[in-house]
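Chemist: Mind having a look at this structure? Questions to follow.
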Amino acid sequence: MSEKRQQVSRRQFLNYTLTGVGGFMAAGMLAPMVRFAIDPALQASSKGDFKAVEDVENITEEPTRIDWEIDQVDAWYESTVTKTAWVYKDENGDIVALSPICKHLGCMVTWAGNDDYPDQFYCPCHDGRYYKSGENVPNTPPPEGLDFYEYKIEDGTLLLGPTKPRGEA
Amino acid sequence: MQWNKQDLDQYFTAEEYIDTLLIPLIPITFTNQKEMEKSAAQQETGMIFVREMEKHFKGRIFLLPAYHYLASGDLGAEVSRLNEWAAKANERPFKHVFFFSFDPHWKKQERNLNGTLLWMPAIQTEDTQSKETQSIIKDQVNQLTGLIKTYW
Ligand code: FES
């Protein structure tokens, strides 16, 4: 709900500052400072938001791709962004939700994306590979394992939040 | 990678890996409302296509800002200009150049382009946000990315 309020205040902010050419130029000069100093709401608001993506009982031990949408707001644009995760239950029944973004240079990896490695994640760009756990396979380009999504379970539903790198896990 | 400062910073740490250049070709016309709307819609959908491709292959594809030109049945003059672009780009270690367009007139020039033309018929749609359109686009993007892979 607080998002709604922020939207309004941002719009007002734009209306005020962008009135007339002078205002426009001032906005250009001030923008970097304004963004950080005045309104924290102008920073990417997707941080920390959790979204319900799937019923936990539908999740199997086979990594499955889940897509969902979030609203992303930065200083000038508001947009709907599609997020993707590879989700499965590990042998203890715990949820694992991995980011598809290759840690080498950012292509999208897919589970079993290469017939030669049916139980690994595969990056088509430079043949990067990851084990099911998301750890990178040594001697392939990625320098580290895939990021995890933070998750919560509420009433049998899986909610996914921001990603965090392995180092901080 | 896209044409912005942040991506360029990353590009220069790994230039040799990003060997594929993608240039969207987008016609603009001023003839009448119908044609202008069509051209605007094509540019909207076209940009969704190329951005999705870039998202899949961020670490290997460099997406240039769109190349706009006046819609015309004869794109000969544009071809030589584009080939100049491709030649300049090849001063960087790009190995593949792809041009993406919905404009069928490029088909006639395909042989003369120094790069690979990714052409497909425009999808007629009122609403790029609708679930239906989204899944059509996703499907076509998958086919395109699959096609690009065969060139690597
Ligand atoms: S971007 Fe995945 S291996 Fe290079």
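Chemist: Would you confirm whether any residue within segment A:141-150 is more than 16 Å from the ligand (Cβ to nearest atom) and of a type in the set (Gly, Ala, Ser)?
Modeler: No: segment A:141-150 contains no residue that is more than 16 Å from the ligand (Cβ to nearest atom) and of a type in the set (Gly, Ala, Ser).
Chemist: So which pairs qualify, if the first residue must be in segment A:79-106 and within 9 Å of chain B (Cβ to nearest Cβ) and farther than 22 Å from A:PRO124 by Cβ, the second must be away from the ligand (no atom under 14 Å from the Cβ) and part of a strand (DSSP E or B), the Cβ gap must be under 7 Å, and the two must be at least 6 apart or on different chains?
Modeler: A:THR80/A:GLU69; A:THR80/A:ASP71
Chemist: Another question about this same structure. Of everything in segment B:1-42, what is surrounded by 17 or more Cβ atoms within 10 Å (Cβ to Cβ), within 17 Å of the chain's Cα centre (by Cα) and outside any loop (DSSP other than H, G, I, E, B)? Give them in sequence order.
Modeler: Those that are surrounded by 17 or more Cβ atoms within 10 Å (Cβ to Cβ), within 17 Å of the chain's Cα centre (by Cα) and outside any loop (DSSP other than H, G, I, E, B): B:GLN2, B:THR20, B:LEU21, B:LEU22, B:ILE23, B:PRO24, B:LEU25, B:ILE26, B:PRO27, B:SER39, B:ALA41, B:GLN42.
Chemist: Then there is this: Scan segment A:127-138 and report the pairs whose first residue is not assigned by TED's automatic domain parsing to the domain that holds A:PRO63 and more than 10 Å from the ligand (Cβ to nearest atom) and whose second residue is aliphatic (A, V, I, L, M) and modelled with pLDDT of 95 or more, with Cβ atoms within less than 6 Å and a gap of 6+ or a chain change.
Modeler: Hits for this filter: zero, empty list.
Chemist: Can you tell me how many residues in segment B:56-71 are in a helix (DSSP H, G or I) and closer than 12 Å to B:LEU22 by Cα?
Modeler: Number satisfying all stated conditions: 0.
Chemist: Mind checking which residues of segment B:10-48 are within 14 Å of chain A (Cβ to nearest Cβ) and not acidic (Asp, Glu)?
Modeler: B:GLN10, B:TYR11, B:PHE12, B:THR13, B:ALA14, B:TYR17, B:ILE18, B:THR20, B:LEU22, B:MET47, B:ILE48
Chemist: Separate question: Is it the case that some residue within segment B:56-64 is surrounded by 16 or more Cβ atoms within 10 Å (Cβ to Cβ), within 16 Å of the ligand (Cβ to nearest atom), free of Cβ contacts under 8 Å to residues at least 60 places away in the same chain and not β-branched (Val, Ile, Thr)?
Modeler: Within segment B:56-64, one or more residues are surrounded by 16 or more Cβ atoms within 10 Å (Cβ to Cβ), within 16 Å of the ligand (Cβ to nearest atom), free of Cβ contacts under 8 Å to residues at least 60 places away in the same chain and not β-branched (Val, Ile, Thr).
The values are calculated or read from the model by the stated rules, or taken from the named source; none is laboratory data. Keep in mind that what you see is a predicted model, and the values were worked out from it rather than measured. We place every Cβ from the backbone using ideal geometry, glycine too, and count neighbours over all the protein chains shown.
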